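Q: Right, I'll just put the structure down here and ask away after.
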Amino acid sequence: MTAYTGSALDVKWIDSSGTVLLHGDFTVFDYSPSIDLVDQSAGVDTNKTYLTTLKDGKASLTTNFQSGTAVGGTASFSRVYEGASGTVVWSPEGTAAAKPKYTIPAIAMGAVFSYPYAGLVEAKCDFQQNGARVEGTN
Amino acid sequence: MNALNAGILSTLQGGTALTSLLSGGTAAIHYMQAPDKAAFPYVVFSIQGGGDLNLSPSRMKDMLYFVRGYSKTNPANAGTIDAQIDALLHNKTLTVTGWTNYRTQRETDIDNEEVNTAGEHIYMAGGVYRVSIDS
């Protein structure tokens, strides 16, 4: 086993206009899978039990927003406006051959900005998974 | 951090309202410490702390610089020099070769008085500035 940091993370947003690299100034990328459950407890049960139904997931990217219209600024985040459809592809250990790669069709929920007076301007965008997650390698 | 030191030095040297207060003009601004027997008043700046942020793949440094003026005249004279330093640095954008300066802000005020071996009073007034750069 070898632990690793997120420093080699590669995140792409692919839409009808092409591919945007989102990881240039990222600080955190999260992915949370989930699944819907149906409570099947009944009668004299003393513990709840569930049936699994539909899978789901959300991804979230937080980044130091770049000034102007450069990559990492509006050139990137105007592409992930609320409702934008595309595909999120992330490679936690970089894109070298055989390294893991995850792909989800997604709906962008829009970039959320924070402008602290004395701190770094951040943009955060959530992505609602919109289909099956594919796990593969580069 | 030579590039940042050079950026701060050139910014301070470019302030004529500051250099006109110093004995020796632009040559009276020193990194780390002034030469032995340097004429007063003068300015010294030095790194107080800081380093890499390691927040993102883009290399970023967050440095603290202690920039101060020294005078043998009186505390107010040192304070006047400090005010000119402040006018040049606080919320200003420095030119740093190879980097982008995205924050320069004063955070701490420091005044002091020393007595040298000749019994002369030396007054210092300055501040600690947070200087943040992105590659």
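Values quoted throughout were computed directly from the atomic coordinates according to the rules given, and no laboratory measurement underlies them. Everything quoted here is computed from the prediction, not taken from an experiment. We place every Cβ from the backbone using ideal geometry, glycine too, and count neighbours over all the protein chains shown.
Q: Take A:44, A:80, A:20 and order them by how many other Cβ atoms sit within 10 Å, fewest up front.
A: Numbers: A:44 4, A:80 25, A:20 20.
Ascending number of Cβ neighbours within 10 Å: A:44, A:20, A:80.
Q: Please report the net charge: other residues with Cβ closer than 10 Å to the Cβ of residue A:109, K and R +1, D and E -1. Don't skip to the answer; put the middle values down first.
A: On the way: positive: A:58, A:124; negative: A:82, A:126.
Result for the neighbourhood of residue A:109: 0.
Q: Compute the long axis of helix B:75-89 from its Cα atoms, compare it with the longest principal axis of the Cα atoms of chain B, and write down the angle in degrees, 0 to 90, nearest 10.
A: Helix B:75-89 sits at roughly 20 degrees to that axis.
Q: Quickly estimate the mean residue ellipticity at 222 nm for chain B, helices only: each DSSP H run with n ≥ 4 gives -39500 (n - 2.57), and the total goes over all residues, rounded to 500.
A: Working: 3 runs with 31 residues, N = 135.
The per-residue figure over chain B is -7000 deg cm²/dmol.
Q: Could you work out the mean count of beta carbons from other protein chains within 10 Å of each residue's beta carbon in A:21-28? Can you show the working numbers first?
A: Numbers: counts 0, 0, 2, 3, 6, 4, 5, 2.
Partner Cβ neighbours, averaged per residue: 3.
Q: Right, here's the next one. Stokes-Einstein D for segment B:2-134 at 37 °C, 0.692 mPa s, Kirkwood Rh over Cα pairs, in µm²/s? Write down the numbers at each step before the final one.
A: On the way: Rh = 15.1 Å.
Stokes-Einstein gives a translational diffusion coefficient of 218 µm²/s.
Q: Put a dot 7 Å past each Cα toward the Cβ at residue B:90 and residue B:9; how far apart are the dots in nm?
A: Placing both labels 7 Å beyond Cα along the Cβ direction yields 2.6 nm.
Q: To continue, here is another question. Can you work out the FRET efficiency for the pair residue A:4 and residue A:34, with r the C-beta to C-beta distance and R0 = 35 Å, to the nearest 0.05?
A: 0.90
Q: Still on this model: Working from Cα positions, state the angle (0 to 90°, nearest 10) between the long axis of helix B:2-13 and the longest principal axis of chain B.
A: The helix B:2-13 is inclined about 50 degrees to chain B.
Q: So which of A:48/A:124; B:37/B:61; A:55/B:61; A:124/B:61 end up more than 31 Å apart, counting from Cα to Cα? Provide the component values of the computation, followed by the final result.
A: Numbers: A:48/A:124 37 Å; B:37/B:61 34 Å; A:55/B:61 42 Å; A:124/B:61 22 Å.
Check vs 31 Å cut-off fails for A:48/A:124; B:37/B:61; A:55/B:61.
Q: Please report the net charge: other residues with Cβ closer than 11 Å to the Cβ of residue B:18, K and R +1, D and E -1. Intermediate values should be presented prior to the final figure.
A: On the way: positive: none; negative: B:82, B:86.
Net charge in that neighbourhood comes out at -2.
Q: PRE reach from residue B:32 (point 7 Å along Cα→Cβ): which of segment B:46-87 fall under 13 Å by backbone N?
A: B:46-47
Q: Taking the Cβ of residue B:38 as the centre, find all other residues whose Cβ is under 15 Å away and add up their charges (Lys, Arg: +1; Asp, Glu: -1). Display every interim value, and only then the final one.
A: On the way: positive: B:37, B:68, B:72; negative: B:36, B:114, B:120.
Neighbour charge sum, excluding residue B:38 itself: 0.
Q: When chain B is treated as a GNM, springs tying every alpha-carbon pair under 10 Å, which of B:90, B:121, B:30 comes out with the largest mean-square fluctuation?
A: B:121
Q: I would also like to ask the following. Where both partners of a DSSP beta bridge lie in chain B, what percent of those bridges are antiparallel, to the nearest 5?
A: Working: 36 of 39 bridges.
Around 90 percent antiparallel, to the nearest 5.
Q: Based on DSSP H runs of at least 4 residues, each adding -39500 (n - 2.57), what is the mean residue ellipticity at 222 nm of chain A after dividing by all its residues, to the nearest 500 deg cm²/dmol?
A: Values: 1 runs with 4 residues, N = 138.
My calculation for chain A gives -500 deg cm²/dmol from helical runs alone.
Q: Can you tell me the FRET efficiency between residue A:54 and residue B:100 if r is taken as the Cβ-Cβ distance and R0 is 45 Å, rounded to the nearest 0.05? Intermediate results must be reported in sequence, preceding the final value.
A: On the way: r = 46 Å, r/R0 = 1.02.
The formula returns an efficiency of 0.45 here.
Q: If you count, for every residue in B:57-63, the Cβ atoms of partner chains within 10 Å of its Cβ, what is the mean? Display every interim value, and only then the final one.
A: Values: counts 11, 8, 0, 3, 0, 1, 0.
Average neighbour count from other chains, rounded to a whole number: 3.
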